[in-house]
């Protein structure tokens, strides 16, 4: 199995995305992975319609989980598609959320570290992040959690509080 295929499986990168190259920087203790979009068409992120590829945005970078002791970064020129209804739109990427510079897997790990650490400062240092990056990861995690939350009616809240008040001993 080639290294690109190996990392493709680890990252869950599937067609029309593919690992184009992997560059190991021993002295920097860093792995740089370039991902390319090979399709001529893609889904509009607004309506899901299959649209022709319009162009590529400039190369973006995402921090991923470390490979052994090496920091791992993903690079990609994310394509835009031309939707008849919505115009030129950037294709959603499977490894990261919108406006994030971290992969979803890195953010999930960061949240686990934040919940396990004694302080945000301690977690931030362990993860090698600055305060703004840590707060942005936390905010996106809350947004994802709220988006998954199912709205249910609260039954008997008033009567429960009323009963609790009646049972107090003064």
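Of everything in the stretch 79-132 that's touching a strand residue (DSSP E or B) at 6+ places or on another chain (Cβ under 6 Å) and without any contact (Cβ under 8 Å) to a residue 40 or more places away in the chain, which residue is surrounded by the most Cβ atoms within 10 Å (Cβ to Cβ)?
Within the stretch 79-132, the match that is surrounded by the most Cβ atoms within 10 Å (Cβ to Cβ) is 96.
Kindly indicate which of 27, 9, 41 is in contact with a strand residue (DSSP E or B) (Cβ under 8 Å, 6 or more places away or on another chain) and farther than 27 Å from residue 132 by Cβ.
From the options 27, 9, 41, the qualifying one is 41.
I'd like to check something: does the stretch 66-78 contain any residue that is outside any strand (DSSP E or B) and either modelled with pLDDT of 95 or more or in contact with a strand residue (DSSP E or B) (Cβ under 6 Å, 6 or more places away or on another chain) (or both)?
Taking every residue of the stretch 66-78 in turn, at least one turns out to be outside any strand (DSSP E or B) and either modelled with pLDDT of 95 or more or in contact with a strand residue (DSSP E or B) (Cβ under 6 Å, 6 or more places away or on another chain) (or both).
Quick check, is residue 51 farther than 17 Å from residue 8 by Cα and assigned to a loop (DSSP other than H, G, I, E, B)?
no
If only one of 27, 9 is surrounded by fewer than 17 Cβ atoms within 10 Å (Cβ to Cβ) and part of a loop (DSSP other than H, G, I, E, B), which one is it?
From the options 27, 9, the qualifying one is 27.
Could you grab me the full set of residues in the stretch 40-57 that are over 19 Å from the mean Cα position of the chain (by Cα) and surrounded by fewer than 16 Cβ atoms within 10 Å (Cβ to Cβ)?
40, 41, 47, 48, 49, 50, 52, 55, 56
The values are calculated or read from the model by the stated rules, or taken from the named source; none is laboratory data. All figures in this text were calculated on a predicted structure; none of them were measured in a lab. Using ideal geometry, Cβ is built from the backbone for each residue, glycine included, and neighbour counts are taken over all protein chains shown.
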